[in-house]
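The values are calculated or read from the model by the stated rules, or taken from the named source; none is laboratory data. Only a predicted model underlies this, so the values are computations on that prediction, with no experimental measurement involved. Glycine also receives a Cβ, built like all others from the backbone with ideal geometry; neighbour counts cover every protein chain displayed.
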Amino acid sequence: MAFSGALTLTDLNDFITPAQACIKPVEQTNKTEPKDPGAASTQIQVDSSGSYYEISASGAGSQPAGKKLETAQISLNDCLACSGCITSAESVLITMQSHTEVLNALRGNPEKGAPAHRTPVLSIAPQSLASLAAAVSSSSARPADPARVLRRVAAFCRDALGFEHVFDTTFARHLALLEHAREFAERRRGGGEGEGAGGGRLPMLASACPGWICYAEKTHAEMLPFISTTKSPQQVMGTLVKEWMGAKWGRRCVDLTLYPAPAPLLMIASQS
């Protein structure tokens with residue numbers, strides 16, 4: 001995952017203070033031209049297309065001259081990992097990934113058999129199932145376990161919402177754990193010096209939390225060779241659904257993941 005130099009040097013703070021201005025410095029690509037001391041003050045004008053122009057007069061009696069201003073661009077990786085403004089707050093991310101967006105995508109999906117139809121698959125994290133089970137148990141005389149909650153959620157999502165398949169990510173977590181063990185064995189056989197078949201160093205650090213990976217990438221770049229390269233359970237599940245299951249069914253699949261935190265958005269946006 002690539003971050004800008006200015007953002008990499010910024011200290012990570014999990015406490016988000018709402019602010020309207022972005023704290024990320026924007027790289028200035030156009031240098032400020034020297035102005036005549038006698039020139040008129042500069043004004044900013046917006047045309048019908050929404051473009052911004054810097055309007056200034058060269059001198060007394062001269063016609064105004066305009067220069068189009070470039071639009072500042074910030075990558076999605078920078079924005080999600082910034083924690084500096086209200087756009088990265090959990091409430092805003094939940095709104096952008098709300099149930100309304102999911103329902104609109106399901107309604108807009110063409111019927112089965114259409115060339116543009118995509119098979120909707122829902123993958124639920126065990127942490128979310130445990131939270132739902134605790135919420136149901138607190139208001140019910142009969143305790144609910146995560147397996148029971150999964151059966152009910154799967155039936156509702158298939159019958160009422162239109163999902164064709166509903167899974168939990170426990171199986172993907174087991175696969176990721178096996179891959180972690182295999183990678184550690186390869187690193188140990190390679191001597192743990194970044195050479196050989198393993199290609200990594202020891203001790204091997206492993207985590208399925210994208211927030212921790214983001215913290216290491218921003219503030220402790222020297223730790224990156226020690227971090228495991230195995231996919232997270234979410235990424236393993238997405239690979240299984242889109243590649244293995246999609247090839248087996250002969251369909252194009254879209255995988256919706258239900259997680260208890262917005263941090264997995266970093267893994268979705270990551271190009272690495």
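Annotations
- Top-ranked residue of the stretch 101-158 - restricted to ones that are without any contact (Cβ under 8 Å) to a residue 24 or more places away in the chain, in contact with a helix residue (DSSP H, G or I) (Cβ under 7 Å, 6 or more places away or on another chain) and small (Gly, Ala, Ser), ranked as surrounded by the fewest Cβ atoms within 10 Å (Cβ to Cβ): Ala130
- Residue that is surrounded by the fewest Cβ atoms within 10 Å (Cβ to Cβ), among those in the stretch 162-218 that are within 21 Å of the chain's Cα centre (by Cα), modelled with pLDDT of 85 or more and assigned to a loop (DSSP other than H, G, I, E, B): Ala206
- Top-ranked residue of the stretch 219-234 - restricted to ones that are crowded, with 19+ Cβ neighbours inside 10 Å and in a helix (DSSP H, G or I), ranked as farthest from the chain's Cα centre (by Cα): Pro233
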